[in-house]
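The values are calculated or read from the model by the stated rules, or taken from the named source; none is laboratory data. Just so you know, these numbers come straight off a predicted model, no measurement behind them. Every residue, glycine as well, gets a Cβ built from its backbone with ideal geometry; the counts of neighbours run over all protein chains shown.
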Amino acid sequence: MSVSLNKITTKGRALYLAYDQGLEHGPEVDFNDVNIDPLYIINIAKKGKYNGVVFQKGIAEKYNKEIKKSGIPLILKLNGKTKLVKDEPISAQLATVGEAVSLGAKAVGFTIYIGSKYEEQMMEEFSKIQREAHSKNIPVIAWIYPRGKAIKNAVSRENLSYSARTALEIGADIAKIQYGGKKDDLKWAVKSAGRTRIVIAGGVKKNERDFLKDVKDVMDSGAIGLAVGRNVWKSKDPLGLTKQIKDIIWSKTKN
């Protein structure tokens, strides 16, 4: 069963504002006195006219009024983990598709760490979520990251394409993968994804010139856009940077 992506894309492309880093990385790593406030993120998403904002369940519940008022589609992240456990990675389910619907989410997201000894458990959980979400015409975005002791280079050509192909074969509508800086490798990953769309994780904070070059490479490679967090909401001018990103993403759709 295919689902429509129209509520979370514009002309087939997308820019999502990600804000699940508090759980994944802890507040001391990425946050300051300004961006630690979810209202700041909601305001950027609203003024920047993002195609979606990614929150974990708790923020989506406690700031639901403001999220709905913003008009920005909510993408509810259904699983997560802290950085504190150093064993093989596993991202536990924290919310359900039913809760996502009750919160007004237009899509759900779920992380799978391929290469972890726990990948089977995450894939089983994903299959149930995908089935239920599609029955309600809700798109599913798979965060697919190669992680674990068996992974030597998470952004190698093989691992990028394996991530993308995994997303296609488990039924994800969109796959969020990383970019290793080699355009040809990303092109192959996009081809490997078939009809599953690819968005690229914004990753760690970079200087804006390098980041915007990556955005151009990403779009030249055939991805539909990005799911970016720190590079925007840690910027001194989040809305100015947002405009530059959007100009690149939609540059080829204007004629």
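Test Gln56 against the criterion of being at pLDDT below 95 and closer than 22 Å to Ile141 by Cα, and give yes or no.
On the way: at pLDDT below 95: no; closer than 22 Å to Ile141 by Cα: yes.
Taking the combined requirement at face value, the residue does not satisfy it.
May I ask you to list the residues in the stretch 85-112 that are at pLDDT 95 or above, in a loop (DSSP other than H, G, I, E, B), of a type in the set (A, V, I, L, M, F, W, C) and farther than 16 Å from Ser135 by Cα? Spell out the reasoning first.
First pass over the stretch 85-112, keeping only residues at pLDDT 95 or above: 88-112.
Okay, now just the ones that are also in a loop (DSSP other than H, G, I, E, B), so 88-91, 94-96, 103-106.
The next check asks that each one be of a type in the set (A, V, I, L, M, F, W, C); those that pass are 90, 94-95, 103, 105.
Matches in the stretch 85-112: Ile90, Leu94, Ala95, Leu103.
Taking the criterion of being out of contact with any strand residue (DSSP E or B) (no Cβ under 7 Å at 6 or more places or on another chain), under 21 Å from Glu88 (Cα atoms) and either modelled with pLDDT of 95 or more or part of a loop (DSSP other than H, G, I, E, B) (or both), would at least one residue in the stretch 130-143 satisfy it?
no
Any idea which residue in the stretch 131-154 is nearest to Arg195 (Cα to Cα), counting only those that are surrounded by 15 or more Cβ atoms within 10 Å (Cβ to Cβ) and over 16 Å from the mean Cα position of the chain (by Cα)?
As a first pass, look at the stretch 131-154 and keep what is surrounded by 15 or more Cβ atoms within 10 Å (Cβ to Cβ): 132-134, 138-148, 151, 154.
Cutting the leftovers down to over 16 Å from the mean Cα position of the chain (by Cα) gives us 132-134, 147-148, 151, 154.
Details: Glu132: 20, Ala133: 18, His134: 16, Arg147: 24, Gly148: 28, Ile151: 26, Ala154: 23 Å.
Checking each candidate, the answer is His134.
With the structure loaded, tell me whether Leu241 is without any contact (Cβ under 8 Å) to a residue 60 or more places away in the chain, in contact with a helix residue (DSSP H, G or I) (Cβ under 7 Å, 6 or more places away or on another chain) and in a helix (DSSP H, G or I) or whether it fails that test.
Yes; evaluated as a whole, the condition is true for this residue.
Take residues that are out of contact with any strand residue (DSSP E or B) (no Cβ under 7 Å at 6 or more places or on another chain), of a type in the set (Lys, Arg) and more than 15 Å from Ile144 (Cβ to Cβ) and tell me which of the helices (runs of 4 or more DSSP H) falling wholly in the stretch 182-235 contain 2 or more. Spell out how you get there, then give the answer.
Working: elements: 183-192, 208-220, 230-233.
It comes to 183-192, 208-220.
Considering only the stretch 15-36, I want to know if a residue exists there that is of a type in the set (Phe, Trp, Tyr) and either surrounded by fewer than 17 Cβ atoms within 10 Å (Cβ to Cβ) or assigned to a helix (DSSP H, G or I) (or both). Break it down stepwise before answering.
Residues of the stretch 15-36 of a type in the set (Phe, Trp, Tyr): 16, 19, 31.
Still in the running and either surrounded by fewer than 17 Cβ atoms within 10 Å (Cβ to Cβ) or assigned to a helix (DSSP H, G or I) (or both): none.
No, that holds for no residue.
Here are some residues: Gly12, Gly104, Gly52. Which one is in contact (Cβ under 8 Å) with a residue 12 or more places away in the chain, under 20 Å from Leu241 (Cα atoms) and either in contact with a strand residue (DSSP E or B) (Cβ under 7 Å, 6 or more places away or on another chain) or surrounded by fewer than 18 Cβ atoms within 10 Å (Cβ to Cβ) (or both)? It would help to see each step written out before you state the result.
Numbers: Gly12 fails: under 20 Å from Leu241 (Cα atoms); Gly104 fails: under 20 Å from Leu241 (Cα atoms).
Selected residue: Gly52, the only one of Gly12, Gly104, Gly52 that is in contact (Cβ under 8 Å) with a residue 12 or more places away in the chain, under 20 Å from Leu241 (Cα atoms) and either in contact with a strand residue (DSSP E or B) (Cβ under 7 Å, 6 or more places away or on another chain) or surrounded by fewer than 18 Cβ atoms within 10 Å (Cβ to Cβ) (or both).
Restricting the search to the stretch 147-181, which residues are of a type in the set (Gly, Ala, Ser), in contact with a strand residue (DSSP E or B) (Cβ under 6 Å, 6 or more places away or on another chain) and in a helix (DSSP H, G or I)?
Result: Ser163, Ala164, Ala167.
Quick one: Ala45 ticks every box in (1) surrounded by 20 or more Cβ atoms within 10 Å (Cβ to Cβ); (2) free of Cβ contacts under 8 Å to residues at least 40 places away in the same chain; (3) within 18 Å of Ile138 (Cα to Cα) bar one, so which box is it?
Here Ala45 clears every test but (3).
Does the stretch 113-125 contain any residue that is touching a strand residue (DSSP E or B) at 6+ places or on another chain (Cβ under 7 Å), under 24 Å from Pro73 (Cα atoms) and outside any helix (DSSP H, G or I)?
No, there is no match, as no residue in the stretch 113-125 is touching a strand residue (DSSP E or B) at 6+ places or on another chain (Cβ under 7 Å), under 24 Å from Pro73 (Cα atoms) and outside any helix (DSSP H, G or I).
Would you mind stating whether Leu5 is buried (at least 21 other Cβ atoms within 10 Å of the Cβ) and closer than 18 Å to Gly104 by Cα?
Working: buried (at least 21 other Cβ atoms within 10 Å of the Cβ): no; closer than 18 Å to Gly104 by Cα: yes.
Considered against the rule, which asks whether it is buried (at least 21 other Cβ atoms within 10 Å of the Cβ) and closer than 18 Å to Gly104 by Cα, Leu5 comes out as no.
In the stretch 81-101, what count of residues is obtained for those that are hydroxyl-bearing (Ser, Thr, Tyr), touching a helix residue (DSSP H, G or I) at 6+ places or on another chain (Cβ under 7 Å) and surrounded by 12 or more Cβ atoms within 10 Å (Cβ to Cβ)?
Kept after step one, since they are hydroxyl-bearing (Ser, Thr, Tyr), are these residues of the stretch 81-101: 82, 91, 96.
Still in the list and also touching a helix residue (DSSP H, G or I) at 6+ places or on another chain (Cβ under 7 Å): 82, 91.
Remaining after also requiring surrounded by 12 or more Cβ atoms within 10 Å (Cβ to Cβ): 91.
Of the residues in the stretch 81-101, 1 are hydroxyl-bearing (Ser, Thr, Tyr), touching a helix residue (DSSP H, G or I) at 6+ places or on another chain (Cβ under 7 Å) and surrounded by 12 or more Cβ atoms within 10 Å (Cβ to Cβ).
How many residues are touching a helix residue (DSSP H, G or I) at 6+ places or on another chain (Cβ under 8 Å) and modelled with pLDDT under 95 if we restrict to the stretch 144-164?
0
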